[in-house]
Amino acid sequence: MPDLIINDQTYKVTGILFDKDGTLLDFIAMWGCWSESVFHSFGEQLRSRGLAFDQAVIPRLWGSIHDEAGHIVDYDRNGPLAMGSMQDLYAVLAWQGYLAGLSWAEAMELVQHARKHADQELARLRPARPLPGTLHFLQSCKENGMKLGVVTADDTEAAIMHLEWLGIKHYFDVIIGTDQVEQGKPFPDMMVLACRLLGLACSDTAIIGDTNGDMRMGQAAGAAVTIGIADAAREGTATAWFPNADEVIEGYGQLSIRRHAHER
């Protein structure tokens, strides 16, 4: 069984599960772009019907942090954008349409139109970029016999596409989206399913994620170790984001894999 070394601490694991957004790829580059496209399209549709769309409420409801020009520059690790499913986000936006005077059915139609527009813009721009050190760490994992998987609040089809954009899909033996389970994060369902498909025990598997929902999922499933990854320079004390993490890192440079000589 390979060793996963976090700073000076050693954990014996046979597999690692990764969250996708904010863990493998830059969250803001991807979902800031998508969210802004959704808001723009949804607002235009409401205004064309003579209805108001107060974008000032979006940061509080969506869990996004905006600069003075309205661009998304950060996100709440405990908010809907970071932890919710796509259906959760659609419901948040549809609620604004309902409050503006639409029926719920009309509001959901507008949301789906805005989502389609944003998805097309995302496919055109492909703003996916890996976090620093991701590729080197994934390669090291594979070279040392570690089984890898992705467990994401995104839908599986979209997750596969984004990993293909990054050129890293081939590293993963299984990709689990929230559409494959009854309950998403922070419930253990995704980790349990991924480990079953990988032929691993959850107790021999690590989980790496950028929200405490990932940590709670790992904890509920009985993970060998839960690892929170965050840029501490962005908000100050990164450990405060992850009350349920066993370890908190600021980048993949703090992780390494060591395979024992008799296993080579």
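List of remarks:
- Criterion (of a type in the set (Gly, Ala, Ser) and farther than 18 Å from TYR75 by Cβ) met by exactly one of GLY209, GLY177, GLY213: GLY177
- When region 102-114 is filtered for residues that are surrounded by 13 or more Cβ atoms within 10 Å (Cβ to Cβ) and either modelled with pLDDT under 95 or of a type in the set (A, V, I, L, M) (or both), the ones remaining, listed by number, are LEU102, ALA107, MET108, LEU110, VAL111, ALA114.
- Residue match in region 121-141 (condition: within 17 Å of GLN55 (Cα to Cα), open to solvent by 50 Å² or more (accessible area, probe 1.4 Å) and of a type in the set (Lys, Arg)): no
- Hey, GLY177 at pLDDT below 95, closer than 30 Å to HIS66 by Cα, in contact with a helix residue (DSSP H, G or I) (Cβ under 8 Å, 6 or more places away or on another chain) and buried (at least 21 other Cβ atoms within 10 Å of the Cβ) or not: no
- Residue count, region 78-106 (criterion: over 23 Å from GLY184 (Cβ atoms) and not aromatic (Phe, Trp, Tyr)): 8
Residues checked against (1) assigned to a helix (DSSP H, G or I); (2) on the phi > 0 side of the Ramachandran plot; (3) touching a strand residue (DSSP E or B) at 6+ places or on another chain (Cβ under 7 Å):
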{"site": "LYS116", "(1), (2), (3)": "yes, no, no"}
{"site": "VAL151", "(1), (2), (3)": "no, no, yes"}
{"site": "GLU157", "(1), (2), (3)": "yes, no, no"}
{"site": "ILE160", "(1), (2), (3)": "yes, no, yes"}
{"site": "GLU164", "(1), (2), (3)": "yes, no, no"}
{"site": "HIS170", "(1), (2), (3)": "yes, no, no"}
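- First in region 81-99 and without any contact (Cβ under 8 Å) to a residue 60 or more places away in the chain and within 16 Å of ALA158 (Cβ to Cβ), second anywhere and part of a helix (DSSP H, G or I) and of a type in the set (D, E, K, R), Cβ under 8 Å, 6 or more apart: TYR90/ARG115
- Residue check for ASP154: acidic (Asp, Glu), open to solvent by 40 Å² or more (accessible area, probe 1.4 Å) and touching a residue at least 40 places away in the same chain (Cβ under 8 Å): no
- Test: residue in region 1-24 that is open to solvent by 10 Å² or more (accessible area, probe 1.4 Å), over 30 Å from HIS136 (Cβ atoms) and in contact (Cβ under 8 Å) with a residue 24 or more places away in the chain: no
- Search result, residues across region 182-193 that are within 16 Å of the chain's Cα centre (by Cα) and of a type in the set (A, V, I, L, M, F, W, C): PHE187, MET190, MET191
- Of residues in region 157-174 being touching a Gly at 6+ places or on another chain (Cβ under 7 Å) and open to solvent by less than 30 Å² (accessible area, probe 1.4 Å), the one nearest to MET190 (Cα to Cα): VAL174
- Pairing each residue of region 175-189 that is small (Gly, Ala, Ser) with any residue that is open to solvent by 40 Å² or more (accessible area, probe 1.4 Å), provided the two are 6+ apart or on different chains, yields C-beta distances under 6 Å for GLY177/ASP155.
- When residues of region 41-79 are limited to those that are among the aliphatic types (A, V, I, L, M), over 16 Å from GLN96 (Cβ atoms) and at pLDDT 90 or above, the one surrounded by the most Cβ atoms within 10 Å (Cβ to Cβ): ILE72
- Pair list, Cβ < 8 Å and 6+ apart or interchain, from region 50-64 residues that are within 18 Å of ARG77 (Cα to Cα) to residues that are surrounded by 11 or more Cβ atoms within 10 Å (Cβ to Cβ) and of a type in the set (Ser, Thr, Tyr): ILE58/SER64; TRP62/SER35; GLY63/TYR75; SER64/SER35; SER64/TYR75
The values are calculated or read from the model by the stated rules, or taken from the named source; none is laboratory data. Given the structure is predicted, the values throughout are model-derived calculations rather than measurements. Cβ: placed from backbone, ideal geometry, glycine included. Neighbour counts: every protein chain shown. When the accessible area is computed, the model is the full protein with side chains, heavy atoms only, and any ligands, DNA or RNA have been set aside. Shrake-Rupley method; radii C 1.70, N 1.55, O 1.52, S 1.80 Å.
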